[in-house]
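Heads up, the thing below is written out as C-alpha cells.
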Amino acid sequence: MSADDKTQTSANAPDTANAMWGGRFSSGPDAIMQAINASIGFDQRLYAQDIAGSRAHAAMLAAQGILTDKDAGAIREGLLTVLSEIEAGNFTFRVEHEDIHMSVEARLTEIVGEAGKRLHTARSRNDQVAVDFRLWVRDQCDAAIAGVTALMKAFLSQAEAGADWIMPGFTHLQTAQPVTWGHHMLAYVEMLARDRSRFEDARRRMNECPLGAAALAGTSFPIDRHATAAALGFDRPTANSLDSVSDRDFALEFLSASAICAMHLSRFAEELVIWSSAQFRFVKLSDKWTTGSSIMPQKKNPDAAELLRAKLGRILGATVALFTVMKGLPLTYSKDMQEDKEQVFDAADTLMLGLAAMTGMVSDMQAMTENLRAAAASGFSTATDLADWLVRELGLPFREAHHVTGTLVALAEKKGCDLPELTMTEMQSVHEGINQSVYSVLGVENSVISRQSYGGTSPVQVREQIARWQGLLR
C-alpha cells in the first residue's frame, strides 16, 4: 500500500480514533498500544468516586454560570442513570474508552446528548483521576481504621480473659522471663493502635481536593474550588495546581501504613504457626481456620495463618512498586502514573482480607493455659528475679549479682533441675549471703506479680491497661 493509500484509509476511518480525544489524530492506536494504554480493566473500580466528582463539578459549573441549569440538571440525572447501570451490572466497559472517566462521559453523552459533552469544561483527566483516586484511598483509610479497631477489640478480649495466665516471654525465641497472656495480647493492641493512628494521620493529610487544577496550570474559567471541595467532603482545595495533578503521596502514605500494619499481622501469624505446633501446644485453632493433609490423617495445619504470612508480603511489594514508579518522574503528570492503581487496589484488598482473617483467628484461638505455665517455668525464666533479689536484699552490684546468678544457673543445669529446686546449701556454696527468702521470688507467679512498673506484666498493670483501652475503644 502506498503512502497515499495509507493516508486515504486513515482519513476515511475517523471512527478508529478515540472520539474523546482523537481530533489531533487521523487514525486509531495500534492494538498493542491500545492494550498498554487502556486502564478500564482495573480503574472501573473508581466508578462511584468518578461519578461523585462529576456531579460536584457540574453543580459548581452551574452555580458559577458556566453551565446552564438545564444542562446541569440533565448531567445530574444522566450520571445517576450511569451509576445505576454500573451497580446493576448492565454497563458495558469498552477498551476503546480507555478509562473510567471516558467510559462514564461517553455513556452520559449517549443518554443526555450535547449536555454530556459540556461536563468536561474547566477540568482535565489529570485532576479528575487525582480526585477520584484520592476519594477511593480516603475510603480505604476509613475501612482500614474500622478493620484495625475490630482486631484491637479481639486482642483486648483475649487480654481480659487471660490477664493473669502465665506464659513465657521470649527473646531470640528462647524463654526469657515469665509474662502474662494478657500482657502479650496487649502488645499487639499497642502495635495496632499505632497502625490506626497512621491511617488517621494519612487521611487527614490527604483530605484536600485537587479538582479544578485541570491539566496542570488551573483554568481560566471562574470556578469555585472551595465549593467542589466541600461537596466531596474535603477540608480544602489543594493550593498548587502543579502539585495537585502530580501528587501520589496520599497513595504512598496509605501503602506505607498498610505495609507496617501488614508486618504486625504477619508477626502474629508467625506466632500462631509456632504456638499451634505440637512442639509448643500453646494455642488451639478450630476447624474454621485450619486444614488437614491429603496423606497424613493426624495433621491439623494452621493454613490460614500461613497464607496470611505470605499474602501480606504483597503489600510490601506494592509499596516498593509505587515508590519505584514515582521516584523518577518530573512534574507534572506522566503516563507512568497510570501504574499506581493496581498496586493500591491489590494492597487494600489484601489488607482488608488480612485484618478480617486475623480478627477471626484471634477471636477463635484457645489458650492452653497449663502448657503456657509449664513453659514459663522452664529455661531458668526467673533468673533475672534472682539477680534482682541479690541486688535488693544483699546490696550486691548488679554485675556481681548477674555473675552469681549465672553460676547458679550453670549449677542447676548441671544437676538437671530448675533454680527453685536448688537446695539452700547449694545456693550458699555460690554466695553465702543467700537465705530462705530467696525462694519467694523464684516462682513464676511471684515473678509476674512483682513486675509492677508502668507497662509491666503484672496482672494489676495488665488490668489497668485493659481498662484504659476499653475506654479508648468504647
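Some observations on this one:
- Within the range 438-474, the residues that satisfy the criterion of being modelled with pLDDT under 90 and loosely packed, with under 14 Cβ neighbours inside 10 Å are 440, 474.
- Test: residue in the range 446-468 that is over 19 Å from residue 375 (Cα atoms), out of contact with any Cys (no Cβ under 7 Å at 6 or more places or on another chain), of a type in the set (Phe, Trp, Tyr) and outside any helix (DSSP H, G or I): yes
- Qualifying position, being touching a strand residue (DSSP E or B) at 6+ places or on another chain (Cβ under 7 Å) and open to solvent by less than 60 Å² (accessible area, probe 1.4 Å), among 131, 112, 137: 131
- For beta carbons closer than 6 Å, sequence separation of 6+ or different chains, a first residue in the range 112-140 that is farther than 29 Å from residue 201 by Cα and a second that is open to solvent by 10 Å² or more (accessible area, probe 1.4 Å) and part of a helix (DSSP H, G or I), the qualifying pairs are 112/74; 115/71; 115/74; 116/109; 117/109; 118/71.
- Selection from the range 159-185 of residues that are open to solvent by less than 10 Å² (accessible area, probe 1.4 Å) and in contact with a helix residue (DSSP H, G or I) (Cβ under 6 Å, 6 or more places away or on another chain): 159, 162, 163, 167, 168, 178, 180, 182, 185
- Unique match (being without any contact (Cβ under 8 Å) to a residue 12 or more places away in the chain and assigned by the TED database to the domain that holds residue 360) among 157, 197: 197
- Considered as a group, the residues in the range 416-430 that are within 53 Å of the chain's Cα centre (by Cα) and exposed (fewer than 12 other Cβ atoms within 10 Å of the Cβ) include one that is nearest to residue 379 (Cα to Cα), and that residue is 416.
- Residues that are among the hydroxyl-bearing types (Ser, Thr, Tyr) and open to solvent by 70 Å² or more (accessible area, probe 1.4 Å), drawn from the range 76-109: 92
- In the range 280-295, the residues that are open to solvent by 80 Å² or more (accessible area, probe 1.4 Å) and either under 23 Å from residue 374 (Cβ atoms) or outside any helix (DSSP H, G or I) (or both): 281, 284, 294, 295
- For residue 73, the criteria (1) open to solvent by less than 60 Å² (accessible area, probe 1.4 Å); (2) touching a residue at least 60 places away in the same chain (Cβ under 8 Å); (3) assigned to a helix (DSSP H, G or I) hold in every case but one, which is (2).
- If only residues of the range 375-406 that are surrounded by 15 or more Cβ atoms within 10 Å (Cβ to Cβ) and closer than 20 Å to residue 181 by Cβ are counted, the one that is modelled with the lowest pLDDT is 379.
- Residue in the range 230-250 that is buried (at least 16 other Cβ atoms within 10 Å of the Cβ), of a type in the set (Phe, Trp, Tyr) and touching a residue at least 40 places away in the same chain (Cβ under 8 Å) present: yes
The values are calculated or read from the model by the stated rules, or taken from the named source; none is laboratory data. As the structure is a prediction and not an experimental result, all values here were calculated from the model. Because the Cβ atoms are built from the backbone with ideal geometry, glycine has one as well, and the counts that use them run over all protein chains shown. Just the protein is used for accessible areas: all its heavy atoms, side chains included, with ligands, DNA and RNA removed. Shrake-Rupley method; radii C 1.70, N 1.55, O 1.52, S 1.80 Å.
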